[in-house]
Amino acid sequence: MSLYAPPETRWCEVFSEIPESLKLYDAPSEWIDANKPGQSVPSFLEGPVFDAEGNLYVTDIPHGRILRVTPEGQWSCIAHYDGWPNGMRFGPDGRLWIADYRHGILALPPQGGQPEPILTHVASERFKGVNDLFFDRRGRLYFTDQGQTGLQDPSGRVYRYDLDTHRLDCLINNGISPNGLVCDLAEKALFVAMTRGNGVWRIPLKDQGAAGKVGLFVQLAGGVSGADGLALDEAGNLFVCDAGNGCVWVFDPHGEPLWRLRSPTEGRTLTNLAFGGDDRRTLYMTESATGSIIRIEVDNPGKKLSY
């Protein structure tokens, strides 16, 4: 980032915050014990995605909940189960597909209930801990298997799953904590946030099999966490959540920084993002430390999701 002039800063606003009635201050959670021991974590939001009616769905990782937020900012819990749900997308079948760290890939009817397991292992081995997912125009599923990987253990994996043939390809197996992911506009390359490497890799895609000539698209600097959720707009600009610095960086298709979108909250944990509104020109972000959904109007519509 130091190779370029500092990008313009734009400030976001708070759209809504999880209500007190849904905050779980003292509920037991193995996720909290492992990741934030001794802390009270009433929620930790992730995985934002919109339905056709403008309702926003988010996950609450430590408490195994799927929450729905109406366009007017009314919250409800549609699922509560023994899991650690993270990224979400609507699939070709109309259900919410969930990347659950403990259980793998799950699917949930949008009206709620209990998630159904879809992919729980590869061959006879459990996943390390899946993190995020999306579908391409052909209906194929891409997801990251992050686990506890990092610079000390660069063995994170990125998979592609064909729902018709049930073929599961491991695209890379040396990721440094692979997290958010999204295709470019032509769906010829895959961008993957590498959280503990604090950067975004660009993976050229083949129709089948592993990837080749993977490159570093952008490198972030500083922070105690790193690159997290990703999104793309219709101009091909890449939006990168910086989970430790309370901002989203926006890069053009060549990797040059355009803007820094800053959170107005005291929290610094911006984890994931989704485009919403009738014209997809409003960017919504989960600020997990405060249980807030923040938003900002942007210049270009977000890339339309396949489902």
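The values are calculated or read from the model by the stated rules, or taken from the named source; none is laboratory data. Just so we're clear, the structure is a prediction, and the values are computed from it rather than from any experiment. Cβ coordinates were reconstructed from backbone atoms using ideal geometry, including for glycine residues, and neighbour counts include every protein chain displayed.
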Checklist entry - Within the stretch 222-235, can one find any residue that is within 29 Å of Leu168 (Cα to Cα), modelled with pLDDT under 95 and aliphatic (A, V, I, L, M)? => result no
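One line per residue, one yes/no per condition, for (1) buried (at least 24 other Cβ atoms within 10 Å of the Cβ); (2) under 15 Å from the mean Cα position of the chain (by Cα); (3) assigned to a loop (DSSP other than H, G, I, E, B):
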{"position": "His166", "(1), (2), (3)": "no, no, yes"}
{"position": "Asp169", "(1), (2), (3)": "no, no, no"}
{"position": "Leu185", "(1), (2), (3)": "no, no, yes"}
{"position": "Phe191", "(1), (2), (3)": "no, yes, no"}
{"position": "Lys206", "(1), (2), (3)": "no, no, yes"}
Checklist entry - Listed residues Gly139, Gly147, Gly222; which is part of a loop (DSSP other than H, G, I, E, B), surrounded by fewer than 19 Cβ atoms within 10 Å (Cβ to Cβ), in contact with a Phe, Trp or Tyr (Cβ under 9 Å, 6 or more places away or on another chain) and in contact (Cβ under 8 Å) with a residue 12 or more places away in the chain? => result Gly139
Checklist entry - What's the number of the condition Lys213 fails, among (1) basic (Lys, Arg); (2) buried (at least 18 other Cβ atoms within 10 Å of the Cβ); (3) assigned to a loop (DSSP other than H, G, I, E, B)? => result (2)
Checklist entry - Got at least one residue in the stretch 257-266 being touching a residue at least 40 places away in the same chain (Cβ under 8 Å), closer than 20 Å to Cys183 by Cα and of a type outside the set (Ser, Thr, Tyr)? => result yes
Item to check | Selected residue [surrounded by 23 or more Cβ atoms within 10 Å (Cβ to Cβ), over 19 Å from Gly276 (Cβ atoms) and free of Cβ contacts under 8 Å to residues at least 40 places away in the same chain] from His63, His121, His80 | outcome: His63
Checklist outcome for this item: Scanning the stretch 12-47 for residues that are more than 23 Å from the chain's Cα centre (by Cα) and closer than 23 Å to Met88 by Cβ, the one modelled with the lowest pLDDT turns out to be Ala27
Checklist entry - Has the stretch 189-203 got at least one residue that is among the hydroxyl-bearing types (Ser, Thr, Tyr) and modelled with pLDDT under 95? => result no
Checklist entry - How many residues does the stretch 259-281 contain that are more than 22 Å from Gly291 (Cβ to Cβ) and buried (at least 18 other Cβ atoms within 10 Å of the Cβ)? => result 3
Next on the checklist: Condition check: within 23 Å of Leu163 (Cβ to Cβ), buried (at least 16 other Cβ atoms within 10 Å of the Cβ) and of a type outside the set (Gly, Ala, Ser). Does Asn55 satisfy that?
Outcome noted: no
Checklist entry - Does Gly87 satisfy the condition of being at negative phi, of a type in the set (Gly, Ala, Ser), at pLDDT 95 or above and out of contact with any Lys or Arg (no Cβ under 8 Å at 6 or more places or on another chain)? => result yes
Item to check | Hits in the stretch 225-252 - residues which are buried (at least 21 other Cβ atoms within 10 Å of the Cβ), without any contact (Cβ under 8 Å) to a residue 40 or more places away in the chain and among the charged types (D, E, K, R) | outcome: Asp242
Item to check | Tally of residues being of a type outside the set (Gly, Ala, Ser) and in contact with an Asp or Glu (Cβ under 8 Å, 6 or more places away or on another chain) across the stretch 25-45 | outcome: 2
